1. Tell me, please, whether a residue that is modelled with pLDDT under 90, out of contact with any Asp or Glu (no Cβ under 9 Å at 6 or more places or on another chain) and among the small types (Gly, Ala, Ser) can be found in region B:20-41.
2. I'd like the full set of residues that are within 21 Å of A:Phe68 (Cα to Cα), crowded, with 18+ Cβ neighbours inside 10 Å and at pLDDT below 90, limited to region A:30-55.
3. Considering only residues that are at positive phi and more than 11 Å from chain B (Cβ to nearest Cβ), look in region A:57-115 and name the one that is farthest from the chain's Cα centre (by Cα).
4. At least 1 residues that are among the polar types (S, T, N, Q) and in contact with an Asp or Glu (Cβ under 6 Å, 6 or more places away or on another chain) in each: list the helices (runs of 4 or more DSSP H) lying fully within region A:1-111 that qualify.
5. Out of B:Arg244, B:Arg183, report the one residue that is surrounded by fewer than 12 Cβ atoms within 10 Å (Cβ to Cβ) and free of Cβ contacts under 8 Å to residues at least 40 places away in the same chain.
6. More than 14 Å from chain B (Cβ to nearest Cβ) and either surrounded by 15 or more Cβ atoms within 10 Å (Cβ to Cβ) or farther than 30 Å from B:Leu21 by Cα (or both) - does that describe any residue in region A:4-14?
7. Being under 20 Å from A:Ile60 (Cα atoms), over 20 Å from the mean Cα position of the chain (by Cα) and in contact (Cβ under 8 Å) with a residue 24 or more places away in the chain is true for just one of B:Glu16, B:Glu72, B:Glu29. Which residue is that?
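The values are calculated or read from the model by the stated rules, or taken from the named source; none is laboratory data. None of the values given here were measured: they were computed from a predicted structure. Cβ placement follows ideal geometry from the backbone for every residue including glycine, while neighbour counts extend to all protein chains displayed.
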Amino acid sequence: MFNTLANLKYLVRTDADGAQQMLDYLVGYLQNALPDMRSVSSTLERELELARNYLSIMQIRMGQRLRFRIDAAPALLALPFPPAMLISLVENAVKHGLERASRPGEIVISATLSGARLRVLVSDDGTGLADQMGQGFGLANIHERLQLLYGDAASLAVTAAQPNGVNAALTVPLPAAKA
Amino acid sequence: MPTALIVEDEPLLMAELADHLRALWPELEIVGQAENGIEAVALLESLQPDMVFLDIQVPGLNGLEVARHIPESTQIVFVTAYAEYAVQAFEAGAADYLVKPLNTARLLQTIKRLKTRSRDPFQVPPGVWHKVFGQPAATPYMKWIKASVANTVRLVMVSDVLYFQSEDKYTRVVTAAGDALIRLPLKSLIAQLDPGQFAQIHRGAIVNYQAIDHVDRYGATMEIQLKGRAEKLQVSEAYSRQFRQM
């Protein structure tokens, strides 16, 4: 956050349009991020918007080092999706995957239906699972919340991507299957 | 003319700092800019600048690691968005510590300090910084393990592990969803596990209490029956005390 404000401070002085754009992304991010902490359910659209705003901010900050793409069929957007999980995976991909890499990288978010479940995959081609062990608070937290919300019907799978990077897949049941 | 190197991975922040330095300290010559730690170490060596403005969170080597390669003749100013690195920064011999977003008045103070300061490092005993900023938090227990399954690598939740078992130079990680292998020996593993959740039961095995159905006793030795699993785990005599009746 403070790094983002530091960037904004520079843009205000040197590039008014760029500053305006950064501010729009930041407002979009905060609008989606703040109420989410308390709500039980969100939609895929909203969670993707949050990720898009965050990634747009990071793209201004990191310049050439970050590219991203979001693939989701319009029909999926209205589906319910638990709040604050996707953004946490995307932040991991940026912080642990791309920010540490000295070469440019790409993050791809894709949402697909697989049977009666919605699967959202966050892939990056960054440095990969660098440490043998992680205290991985974010991941443990997601895992726990998925269990509470859906029991065994939902899952979080984090695997190494080929040739490098990480795939993190969140799978949740569709509303009909949940009942 | 005094010379400076700037190490910053975000291009706009690099431009911001350089602009401010040029405006506030026209005599200072910015001789180099690095966007990652490895580049920084190389430039420090070839340029031998009088000072370096060093962001802590940069790719490659982080700023604190870069600081270890900096000769005493180069003054270090850490620049970071996080105040929590202050203790380590001053222990690394920092002349100053700036928190982003930069503020002109504060940067002027730094410049004044750099101009008047002789090159001897700012000597503060490490203990003092701990007193001022508090002790660094203890390392929490491990929550995830990176393990290989066939030829892929997968993160396994530690709470999902039923037991760990030594196997030659590997450790087998057994979960309800399948087995995986890690290189970490049990001895290093046990130190990072929550003792309220895992217990060593044998020189070669660690079990998750939650996975235990019951413990059978056969004279001096004991055997653990796991919930919903066929295999039994031996408890060696040396580790059997924890399962005796209270």
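1. The answer is no; no qualifying residue exists.
2. A:Asn32 - this is the single residue of region A:30-55 that is within 21 Å of A:Phe68 (Cα to Cα), crowded, with 18+ Cβ neighbours inside 10 Å and at pLDDT below 90.
3. Within region A:57-115, the match that is farthest from the chain's Cα centre (by Cα) is A:Gly115.
4. Passing ranges, in order: A:16-36.
5. On inspection, the qualifying residue turns out to be B:Arg244.
6. no
7. Checking each option against the conditions leaves just B:Glu16.
Listed here are the residues, each with its yes/no results for (1) within 14 Å of chain A (Cβ to nearest Cβ); (2) touching a helix residue (DSSP H, G or I) at 6+ places or on another chain (Cβ under 7 Å).
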| residue | (1), (2) |
| --- | --- |
| B:Glu10 | yes, yes |
| B:Leu13 | yes, yes |
| B:Glu16 | yes, yes |
| B:Arg22 | yes, no |
| B:Glu27 | no, no |
| B:Ala40 | yes, yes |
